[in-house]
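**Student:** One structure is given below, represented as structure tokens, and several questions about it will come after.
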Amino acid sequence: MSSKEYELIGQLLVQKGIVTINALERALLEQEKSKTLLGETLIKLGSITEEAFYRALSEQLGVEYIRLKDIEIAPSIIDEIPAKFACYYKLIPIRSENNIITIAIADPLDIHTLDDIKLLLKKEIKTVLASEKDIIEAIKKYYGVGAETIERIALGSSQEKLISVQSQETQDLIGAAEDASIIKFVNQLLLEAYRDRATDVHIEPYEDELKARYRVDGILYDTKVPPTIKNFQSAIISRVKIMANLNIAERRLPQDGRIKIKVGEDEVDLRVSILPTPFGESVVIRILSTNILFGMENLGLLKRDLEILEKMIRKPHGIIFVTGPTGSGKTTTLYAALSKINDKEKKIITIEDPIEYQLKGITQIQVQPKINLTFANALRSMLRHDPDVMMVGEARDYETAEITIRVALTGHLVFSTLHTNDAAGGVTRLLDMGVEPFLVSSAVECFIAQRLVRVICSNCKREFKPDKEVLKELGVSKIDLSSIKIYEGKGCESCRYTGYKGRTAIYEILVVDEPIRDLILKRASSDQVKRKALSLGMRTLRQDGWEKIMMGITTPSEVIRVTQQEELAE
């Protein structure tokens, strides 16, 4: 589009009162420096929304404007234009009838592009206007992540070396090579996962396809990838292995590795796990951003629970256990607690498997079972390192649990985790391991159970009336709801139509005070311990979840999804 036409659109925006003359002049000056289009500059400066600009441009050019997110395009239409052309020219086909194909394009006056497409398709071309951002998103949606790359490789793989070894230094995804290669495809897959806020990338081989899935806010979603990706399965897996410094020749045994990458200014750690399956190796890549570290105030603790936990972590000795299944945020809570008490006067040492985040001022040790550096052995050595505070990644067996507790009794503050469903279950778990009741009652200060719940998307949040059965399952069916507002997410572009964006934690804190110590010494069941704790004021996971429901943070169905039915035996 010529500069004259853009001047006219600028004048139109001023005439309609959409932008001010000052904003237009500022954008024109910025445009001179950046050499970008006027519309992009106005949107970047915040002078106009993307949709308002394209609607005005549509009026100026006399071309229909459409929002690609509002329409569904048939696969047969998509097949008419190869991925490499759609990506190169930034366009997408939306309709095809009577030898006329309608394409959405950001610049419908680009005659050269239209001539190229007409020559390629041997059809008449009709254009509609769409934003470049919408077109790029639609290309990913309909063609799949890295479709253009896979298509180019398929055309030239006989001449091209699919895998190239790079150094094991930090790799920059955005600055990836422009040529079509497996390297570029893997980078695109990881970059897209990072931008989608995914915590895990799953690459799963099946008999006739290779699937890719992202875990976002704890839920797995299929990622659209080209069907022909199956042809390059071995090359993709080998590329991931090379990045993680693993043995590419070993395909029969599980392997674990680590990759350090850079996305813009952010450094990201990737943990790679590879498992053999009948149809090839399955890969899971955990994404850990080194910049994400929560303060205790941002964990999701309500004021009362925050005060209890802050009091616990200031104690000179004792042990604090955080319990919950894998992926419930236990490590994040422990890191937040350690960061809170980390100062020049304390020596803090951790033993972890794996080290998820680097903490400044804290000595961190990685478990190495192959050389017998287990939790238990590392604990014995740590004691000779004069620590004040220690963190043991997990008390997973009798030996580790017993040493951890004895360490707490000798004047150290210790943090650790257990895999149990609730806080009271931590007591019976330790006793079942064989730890003596007097050691548990003497050393443990509290058990904290936690789960992660998805947060309602603030962009599409709306009030709703929950089903009576849902409230009954939550145990709040007798509460008068007339004065309470309950919310849900309708689903929008911002949250990918899930109704949720981000996660927070719900907690259950069981403080081991005298009445609880007495029950532990008597080897009471977890039900008895829980009942006593409830009578002393403990809130269960579901009760804490209900508080967050009433605060408009999450939904009843989400709290039910992550917690079990709270039934106490008579």
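The values are calculated or read from the model by the stated rules, or taken from the named source; none is laboratory data. Everything numeric in this text was worked out from a predicted model, so none of it was measured. Using ideal geometry, Cβ is built from the backbone for each residue, glycine included, and neighbour counts are taken over all protein chains shown. Heavy atoms of the whole protein, side chains included, go into the accessibility calculation; ligands, DNA and RNA do not. Shrake-Rupley method; radii C 1.70, N 1.55, O 1.52, S 1.80 Å.
**Student:** Can you give me the % of accessible surface on the chain that is carbon or sulfur? Probe 1.4 Å, all protein chains present, nothing else counted.
**Tutor:** After summing per-atom areas, the C and S share lands at 49 percent.
**Student:** Ranked from the most accessible area to the least, with a 1.4 Å probe and all protein chains present, what is the order of Thr563, Thr326? Spell out each step's value before the answer.
**Tutor:** Numbers: Thr563 15, Thr326 115 Å².
So the residues, ranked largest to smallest area, are Thr326, Thr563.
**Student:** Another one. Under 16 Å Cα-Cα from Lys530, which lysines qualify once same-chain neighbours fewer than 8 residues away are excluded?
**Tutor:** Partners within reach: Lys522.
**Student:** Can you tell me the dipole magnitude for the chain around its Cα centre, using point charges on the Cβ only (Lys, Arg +1; Asp, Glu -1), in Debye to the nearest 20?
**Tutor:** Values: 78 positive and 83 negative charges, 179 e Å.
Charge dipole of the chain: 860 debye, to the nearest 20.
**Student:** At a Förster distance of 45 Å, what's the computed FRET efficiency of Ala154 paired with Asn459, Cβ-Cβ distance as r, to 0.05?
**Tutor:** 0.70
**Student:** By how many nm would the segment from Ile71 to Ala52 grow when fully extended, if each residue of separation counts as 0.36 nm and the alpha-carbon distance is taken off?
**Tutor:** On the way: separation 19, 0.36 × 19 = 6.84 nm, distance 1.89 nm.
This chain segment gains 5.0 nm when fully extended.
**Student:** Mind checking which lysines have their C-alpha under 22 Å from Lys370, skipping anything on the same chain fewer than 8 residues away?
**Tutor:** Partners within reach: Lys241.
**Student:** Separate question: Could you work out how much longer the chain between Val470 and Asn22 gets when fully extended? Use 0.36 nm per residue separation minus the Cα distance between them, nm to one decimal.
**Tutor:** 155.8 nm
**Student:** May I pose another question? Name the residue from Tyr89, Ala198, Leu418 whose Cα lies farthest towards the positive end of the charge dipole of the chain, charges +1 on Cβ of Lys and Arg and -1 on Cβ of Asp and Glu.
**Tutor:** Among Tyr89, Ala198, Leu418, the one farthest towards the positive end of the dipole of the chain is Leu418.
**Student:** A further question on this structure: Would you kindly enumerate the cysteines in the chain that have no other Cys beta-carbon under 4.7 Å from their beta-carbon?
**Tutor:** That list is Cys87, Cys446.
**Student:** Same structure, new question: Here are labelled values, [x] 66, 64, 47; [y] 85, 64, 47; [z] 90, 61, 48, and one is the computed Cα extents along the principal axes in Å for what I pasted. Which one?
**Tutor:** Matching entry in [x] 66, 64, 47; [y] 85, 64, 47; [z] 90, 61, 48: [y].
**Student:** Another question about this same structure. Which order do peptides 435-444, 46-55 fall in by mean Cβ count within 10 Å, highest first?
**Tutor:** 435-444, 46-55
**Student:** Once amide H atoms are built 1.01 Å from N in the peptide plane, which residues 5 or more positions from Lys315, or in another chain, come under 5 Å H to H?
**Tutor:** none
**Student:** Multiplying the sequence separation of Phe279 and Glu32 by 0.36 nm and subtracting their Cα-Cα distance, what value in nm do you get?
**Tutor:** Full-extension gain reported as 83.4 nm.
**Student:** I'd like the trypsin sites (Lys or Arg not before Pro) in region 289-388 restricted to DSSP loop residues with at most 11 other Cβ atoms within 10 Å, sorted by number.
**Tutor:** Filter output for region 289-388: Arg314, Lys344, Lys360, Arg384.
**Student:** I want to check the label-to-label distance for Lys211 and Ile479. Put each point 7 Å from Cα in the C-beta direction and report it in nm to one decimal.
**Tutor:** 3.7
**Student:** Right, next: I need the peptides 525-537, 234-246 ranked by packing, meaning the mean over residues of other C-beta atoms within 10 angstrom, with the highest value on top.
**Tutor:** 234-246, 525-537
**Student:** Which percent of the Cα-Cα distances in region 457-570 go past 24 Å? Mind dumping the intermediate values first?
**Tutor:** Working: 2405 of 6441 pairs.
In whole percent, the share of Cα-Cα pairs in region 457-570 beyond 24 Å is 37.
**Student:** Here's another thing I want to ask about it. Using label points projected 7 Å from each Cα along Cα→Cβ, tell me how many nm separate Thr410 and Arg517, to one decimal.
**Tutor:** 2.2
**Student:** I'd like the Karplus ³J(HN,Hα) series for region 358-375: coefficients 6.51, -1.76, 1.60, θ = phi - 60°, whole numbers in Hz, and an x wherever there's a Gly or Pro.
**Tutor:** 7, 10, 5, x, 10, 7, 10, 10, 9, 4, 9, x, 4, 10, 6, 8, 8, 4
**Student:** Give the accessible surface of the chain per residue, rounded to a whole number of Å², with probe radius 1.4 Å and ligands, DNA and RNA excluded.
**Tutor:** Values: 28070 Å² over 570 residues.
Accessible area per residue: 49 Å².
**Student:** Right, here's the next one. Residues with amide H under 5 Å of Tyr497's amide H, sequence separation 5 or more or different chain, H placed in the peptide plane at 1.01 Å from N; which?
**Tutor:** Cys492
**Student:** Related question: How large is ³J(HN,Hα) for each residue in region 231-240, as worked out from phi by the Karplus curve 6.51 cos²θ - 1.76 cosθ + 1.60 (θ = phi - 60°), to whole Hz, x for Gly and Pro?
**Tutor:** Using θ = phi - 60°, the values come out as 5, 10, 4, 4, 5, 5, 4, 5, 4, 4 Hz.
**Student:** Moving on to the next point. Quick one: what are the phi-derived ³J(HN,Hα) couplings along region 267-280, Karplus 6.51/-1.76/1.60 with θ = phi - 60°, whole Hz, x for glycine and proline?
**Tutor:** 9, 10, 9, 10, 9, 9, 10, 10, 10, x, 10, x, 10, x
**Student:** Related question: If the cut-off is a Cα-Cα distance under 18 Å, which lysines reach Lys330, setting aside same-chain residues fewer than 8 apart in sequence?
**Tutor:** Result set, ordered by chain and number: Lys340.
**Student:** Would you grab the residues whose amide H sits under 5 Å from the one on Thr417? Only those 5+ places off in sequence or on another chain, please, with H modelled 1.01 Å from N.
**Tutor:** Val322, Glu394, Ala395
**Student:** Okay, moving on. Just report the Cα centroid separation between region 296-322 and region 207-275, whole Å.
**Tutor:** Taking the Cα centre of region 207-275 as reference, the centre of region 296-322 is 37 Å away.
**Student:** Answer rounded, prolate or oblate for region 494-549, using the Cα gyration tensor with square roots of eigenvalues a ≥ b ≥ c: rounded when a/c is under 1.5, else prolate when a/b is larger than b/c, else oblate.
**Tutor:** Here region 494-549 falls in the prolate category.
**Student:** Over 22 Å between Cα atoms: which of Lys303/Lys468; Lys90/Lys262; Lys490/Lys548; Lys33/Lys140; Lys44/Lys260; Lys84/Lys118 fall into that group?
**Tutor:** Listed pairs above 22 Å: Lys303/Lys468; Lys90/Lys262; Lys33/Lys140; Lys44/Lys260.
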